[in-house]
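Colleague: Encoded as structure tokens, here's the structure I'll be asking about.
The values are calculated or read from the model by the stated rules, or taken from the named source; none is laboratory data. If you're wondering where the values come from, they're calculated on a predicted model, not measured in any experiment. Cβ placement follows ideal geometry from the backbone for every residue including glycine, while neighbour counts extend to all protein chains displayed.
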Amino acid sequence: MKIKNICCIGAGYVGGPTMAVIAQKNPEIKVTVVDINKERIAAWNDENVENIPIYEPGLSAVVAEARGRNLFFSTEVDKAIDEAEMIFISVNTPTKTYGIGKGMAADLKWIELCARQIARVAKEDKIIVEKSTLPVRTAEALKSILDNTGNGVNFQILSNPEFLAEGTAIDDLHNPDRILIGGDSSSKAGKIATQALVDVYASWVSEEKILTTNVWSSELSKLTANAFLAQRVSSINAMSELCEHTGADVNEISRAIGMDSRIGPKFLKASVGFGGSCFQKDILNLVYIAKSFGLNEVADYWEQVIIMNDHQKRRFAENIVKTLFNTVSGKKIALLGWAFKKDTNDTRESAAIYVADYLLNERAEIVVYDPKVKAEQIYADLDYLGSRNPEENRNLLKVVEKPYTACKDAHAIAVLTEWDEFKAYDWENIYNCMLKPAFLFDGRNILDRKKLANLGFATNSIGLPAVQMSKEKKLTSLATAG
Ligand SMILES: NC(=O)c1ccc[n+]([C@@H]2O[C@H](COP(=O)([O-])OP(=O)(O)OC[C@H]3O[C@@H](n4cnc5c(N)ncnc54)[C@H](O)[C@@H]3O)[C@@H](O)[C@H]2O)c1
């Protein structure tokens, strides 16, 4: 079976980039990405390809190549479902905020709505591909809804979790470590559906990298992969706190253990804590699933990854208050970076949100600069926490367009995202326009600590001893202060 028409429901961080690359690599397949969010679709269709709603290096070029040729963005969901032979479901599956499983289980409301809509519209057999990250055995529920509410047509359900990382999504999609497809290998229709999806990817991915498994293994592999990745971050972050108490250097530890081929060097960078829309939600979901089977030890084991991450964010903020002589009330603190990692404008679960909230509770005056995140997003993130009313958030936290404006007259700077441009700033200039002592908290360990100390900064990094300003600078700064 050769697929000629694909529909993807959900034009977000996964649906948009994934479908853009599928369209780029399969010019003979018509790919339509649909969404109920009109503004998002309008932005995907913006004449100026730099205005598409998602920032990812290389994405706008891929969209420019395929859009209007065989890649389309639309709000006409029914039409796209009707025309497609293969439908990807790539809608959001956030943590539930109500009812049973609140704060842990994945909210499958949007998935179910998609299934009901597909069942209502489909007049011919369809292959349904789970692209969203889902609890294990969701395909069973999908099948039941499709078969019981459909028009008597046949649905094959495949699981095809997405492993791209934001910030490197296009590279990851062009050169994936693997493609995972879970399907029903016990039936002929299941095998045909699986092969049809294999063929889509085989246009640019070598066949040995395309793994086929049963549906449940595929669903659970995605949760497992995210749990293992997040666990590494929490593991090195746990060691970073021990380093700060013992004089060991967490960067040296990462290098030393990373050279062990069984451990490997990647994902061993200590930081203010992981963020992003996936790690926390997927681990909470895993914990919930384990608990629902009565597997309490399994649940507790994975929950600790989240507990450690929350602790890391909190202790970073606490350290700022403690270092600034136990009060930040009325003090200007510049936050460099709001996105949860560099090269993305995604802010979901970003450590910056929680650090800012903590400091605002301590009555600090915050000024934020991020090269890609818009002010309205920053305020929306804070308002969502509900810690204070929107007006107070706008009074106490300002968003500026230039880093030097953020740092002028600040008591302290906290680096919260590892944007490359931060390394290239004129730090001497920044030092000169700050209040003294000039404190710097590097939540990503990206800046040159020695250089900063020589300029006069008092720097705090993660998992490293605090560096005081050089003696010579200390004398000058005391003289100026006096
Ligand atoms: N963001 C990532 O890095 C990443 C990586 C791998 C997997 N995932 C998973 O992929 C899924 C999507 O994530 P995302 O980051 O793209 O989310 P997102 O919130 O950016 O996008 C989801 C989109 O789906 C749309 N939508 C919801 N219900 C709809 C419906 N019934 N009809 C049409 N459109 C609908 C929303 O309007 C939204 O634009 C999630 O399950 C997530 O866990 C995300």
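Colleague: For residues that are among the basic types (Lys, Arg) and without any contact (Cβ under 8 Å) to a residue 60 or more places away in the chain, scanning just the range 223-278, find the one that is farthest from Ala352 (Cα to Cα).
Modeller: Taking the range 223-278 as the starting set, the residues that turn out to be among the basic types (Lys, Arg) are 232, 255, 262, 266, 269.
Subsequent filtering for residues that are without any contact (Cβ under 8 Å) to a residue 60 or more places away in the chain retains 232, 255, 262, 266.
Working: Arg232: 20, Arg255: 27, Arg262: 33, Lys266: 23 Å.
Checking each candidate, the answer is Arg262.
Colleague: Quick one: which residue in Gly103, Gly99 is over 25 Å from the mean Cα position of the chain (by Cα), of a type in the set (Gly, Ala, Ser) and over 21 Å from Val198 (Cα atoms)?
Modeller: Result: Gly99 is the single residue among Gly103, Gly99 that is over 25 Å from the mean Cα position of the chain (by Cα), of a type in the set (Gly, Ala, Ser) and over 21 Å from Val198 (Cα atoms).
Colleague: Turning to a different aspect of this structure: Of the conditions (1) farther than 17 Å from Ala169 by Cα; (2) within 16 Å of the ligand (Cβ to nearest atom); (3) touching a residue at least 12 places away in the same chain (Cβ under 8 Å), Pro57 satisfies every one except a single condition; which number is it?
Modeller: All conditions are met except number (1).
Colleague: Can I ask one more? Collect the residues in the range 253-294 that are of a type in the set (Asp, Glu) and either in the same structural domain as Pro135 (by TED's automatic domain parsing) or away from the ligand (no atom under 16 Å from the Cβ) (or both), keeping them in residue-number order.
Modeller: Once the filter is applied, which keeps residues that are of a type in the set (Asp, Glu) and either in the same structural domain as Pro135 (by TED's automatic domain parsing) or away from the ligand (no atom under 16 Å from the Cβ) (or both), the range 253-294 yields only Asp260.
Colleague: So, one more: State which residue pairs qualify: first residue under 17 Å from Asp147 (Cβ atoms) and in the same structural domain as Asn151 (by TED's automatic domain parsing) and inside the range 106-121, second residue within 8 Å of the ligand (Cβ to nearest atom) and small (Gly, Ala, Ser) in any location, beta carbons under 8 Å apart, and separation of 6 or more residues or different chains.
Modeller: Between residues of the range 106-121 that are under 17 Å from Asp147 (Cβ atoms) and in the same structural domain as Asn151 (by TED's automatic domain parsing) and residues that are within 8 Å of the ligand (Cβ to nearest atom) and small (Gly, Ala, Ser), the close pairs are Ile111/Ser132.
Colleague: Scan the range 113-169 for residues that are among the hydrophobic types (A, V, I, L, M, F, W, C), within 12 Å of the ligand (Cβ to nearest atom) and either surrounded by fewer than 21 Cβ atoms within 10 Å (Cβ to Cβ) or over 31 Å from the mean Cα position of the chain (by Cα) (or both) and report the count.
Modeller: 5
Colleague: Give the residue, chosen from Asp177, Asp184, that is in a loop (DSSP other than H, G, I, E, B) and either touching a strand residue (DSSP E or B) at 6+ places or on another chain (Cβ under 9 Å) or assigned by TED's automatic domain parsing to the domain that holds Leu268 (or both).
Modeller: Numbers: Asp177 fails: either touching a strand residue (DSSP E or B) at 6+ places or on another chain (Cβ under 9 Å) or assigned by TED's automatic domain parsing to the domain that holds Leu268 (or both).
When all the criteria are applied, what remains is Asp184.
Colleague: Now, a different point. Write out, first by first residue and then by second, each pair whose Cβ atoms fall under 6 Å of each other, whose residues are 6+ apart or on separate chains, and whose first residue, in the range 411-422, is hydroxyl-bearing (Ser, Thr, Tyr) while the second is surrounded by 22 or more Cβ atoms within 10 Å (Cβ to Cβ).
Modeller: Between residues of the range 411-422 that are hydroxyl-bearing (Ser, Thr, Tyr) and residues that are surrounded by 22 or more Cβ atoms within 10 Å (Cβ to Cβ), the close pairs are Thr417/Gly337; Thr417/Ala339.
Colleague: Then there is this: Please go through the range 321-367 and pick out each residue that is touching a strand residue (DSSP E or B) at 6+ places or on another chain (Cβ under 7 Å), outside any loop (DSSP other than H, G, I, E, B) and surrounded by 24 or more Cβ atoms within 10 Å (Cβ to Cβ).
Modeller: Ile333, Ala334, Leu335, Leu336, Ala352, Val355, Ala356, Leu359, Ile366
Colleague: So, Pro57, is that one in a loop (DSSP other than H, G, I, E, B), over 18 Å from Lys374 (Cα atoms) and touching a helix residue (DSSP H, G or I) at 6+ places or on another chain (Cβ under 8 Å) or not? It would help to see each step written out before you state the result.
Modeller: Values: in a loop (DSSP other than H, G, I, E, B): yes; over 18 Å from Lys374 (Cα atoms): no; touching a helix residue (DSSP H, G or I) at 6+ places or on another chain (Cβ under 8 Å): yes.
So Pro57 does not fit the description; no.
Colleague: So, one more: Give the residues of the range 434-453 that are hydrophobic (A, V, I, L, M, F, W, C) and closer than 20 Å to Lys342 by Cα, sorted by residue number.
Modeller: Scanning the range 434-453 gives Leu440, Phe441, Ile446, Leu447.
Colleague: Considering the range 60-100 alone, what residues qualify as being within 13 Å of the ligand (Cβ to nearest atom) and of a type in the set (A, V, I, L, M)?
Modeller: Val77, Ala80, Ile81, Ile87, Ile89, Val91
Colleague: I'd like to verify a number: residues in the range 258-277 that are under 14 Å from the mean Cα position of the chain (by Cα) and at pLDDT 95 or above, how many?
Modeller: 4
Colleague: Further question: Report whether or not Ala230 is within 16 Å of the ligand (Cβ to nearest atom), within 30 Å of Asp420 (Cβ to Cβ), modelled with pLDDT of 95 or more and in the same structural domain as Lys281 (by TED's automatic domain parsing).
Modeller: yes
Colleague: May I pose another question? Report the residue count in the range 167-187 for those that are in contact (Cβ under 8 Å) with a residue 60 or more places away in the chain and farther than 27 Å from Ile118 by Cβ.
Modeller: Counting residues in the range 167-187 that are in contact (Cβ under 8 Å) with a residue 60 or more places away in the chain and farther than 27 Å from Ile118 by Cβ gives 5.
Colleague: Out of the range 393-438, which residues are closer than 18 Å to Ile378 by Cα and basic (Lys, Arg)?
Modeller: Arg394, Lys398, Lys402
Colleague: Then there is this: Looking at Asn393, Asn432, Asn389 in this structure, which one is of a type in the set (S, T, N, Q) and in contact with a Leu (Cβ under 6 Å, 6 or more places away or on another chain)?
Modeller: That would be Asn393, the only listed residue that is of a type in the set (S, T, N, Q) and in contact with a Leu (Cβ under 6 Å, 6 or more places away or on another chain).
Colleague: What is the number of the single condition among (1) within 14 Å of the ligand (Cβ to nearest atom); (2) under 26 Å from Leu286 (Cα atoms) that Met104 does not meet?
Modeller: Of the numbered conditions (1) within 14 Å of the ligand (Cβ to nearest atom); (2) under 26 Å from Leu286 (Cα atoms), the odd one out for Met104 is (1).
Colleague: Taking Ala42, is it under 23 Å from Ile179 (Cβ atoms) and either at pLDDT below 95 or outside any strand (DSSP E or B) (or both)? Let's see the steps before the verdict.
Modeller: Working: under 23 Å from Ile179 (Cβ atoms): no; either at pLDDT below 95 or outside any strand (DSSP E or B) (or both): yes.
Answer is no for this residue.
Colleague: Here is a list: Ile9, Ile36. Which entry is in the same structural domain as Asp172 (by TED's automatic domain parsing), near the ligand (Cβ under 10 Å from one of its atoms), under 26 Å from Phe340 (Cα atoms) and crowded, with 24+ Cβ neighbours inside 10 Å?
Modeller: None of the others qualify; the one that does is Ile9.
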